[in-house]
Amino acid sequence: MQRHPDLNQSLRDPSTRAALLEWLASDAARDPAQSGTVANTLEFLRIGATPTEAMTIRPFLLHPDPFVRLRAYEFLLTLYFPDKNREAMLLLFHNMLTDRDEAVRSLAVSYIERANAVAELRGVLETWLQTARQQGWENTETLELVERLLAA
């Protein structure tokens, strides 16, 4: 920081945030070679996230890189967790549980527990268990975590 004394101020400048969001909305950010940069940008933008930015972030829920999807989910959960928009949060949990990547599914269970949403999602979780077994996810951390949540 001594070499760049104005860095913190520059990073907090609204024009920096606007430029990053503009880049995320561009075709360049969709390039799989940019996955690491996209994930880091999403993580950086979580601080100060606003509902108006969600439209720019949502497409990354479909990104081929699971780490990018994970960061996009975390960004959106920043807007809703734990009680800012419960319905939107529960829908995100549902989507995370059906993600093709184990890390995303596992994080969903962690958030469900932290949000005390087990009762609200009990039916979804029970159905998810059946589907998970059909998908061949028997020996996954997520399946074990969901079983524990439902048994508690």
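Couple of notes before you dig in:
- Taken together, the residues in the stretch 86-109 that are within 23 Å of residue 41 (Cβ to Cβ), touching a residue at least 24 places away in the same chain (Cβ under 8 Å) and either surrounded by fewer than 17 Cβ atoms within 10 Å (Cβ to Cβ) or among the aromatic types (Phe, Trp, Tyr) (or both) amount to 4.
- Residue match in the stretch 97-111 (condition: part of a helix (DSSP H, G or I) and over 18 Å from the mean Cα position of the chain (by Cα)): no
- Residue 41 part of a helix (DSSP H, G or I), farther than 23 Å from residue 147 by Cα and free of Cβ contacts under 8 Å to residues at least 24 places away in the same chain: yes
- Scoring residue 49 on the criteria (1) over 26 Å from residue 108 (Cα atoms); (2) modelled with pLDDT under 95; (3) surrounded by 11 or more Cβ atoms within 10 Å (Cβ to Cβ) leaves a single failure, condition (1).
- Flag for residue 138 being part of a helix (DSSP H, G or I), surrounded by fewer than 16 Cβ atoms within 10 Å (Cβ to Cβ), more than 15 Å from the chain's Cα centre (by Cα) and not hydrophobic (A, V, I, L, M, F, W, C): no
- Hey, residue 33 aliphatic (A, V, I, L, M) and either at pLDDT 95 or above or in the same structural domain as residue 100 (by TED's automatic domain parsing) (or both) or not: yes
- Set 88, 18, 49, 72: member being assigned to a helix (DSSP H, G or I), among the aliphatic types (A, V, I, L, M) and over 25 Å from residue 124 (Cα atoms): 18
The values are calculated or read from the model by the stated rules, or taken from the named source; none is laboratory data. Given the structure is predicted, the values throughout are model-derived calculations rather than measurements. Methodologically, a virtual Cβ is constructed for each residue, glycine included, from the backbone with ideal geometry; neighbour enumeration extends over all protein chains shown.
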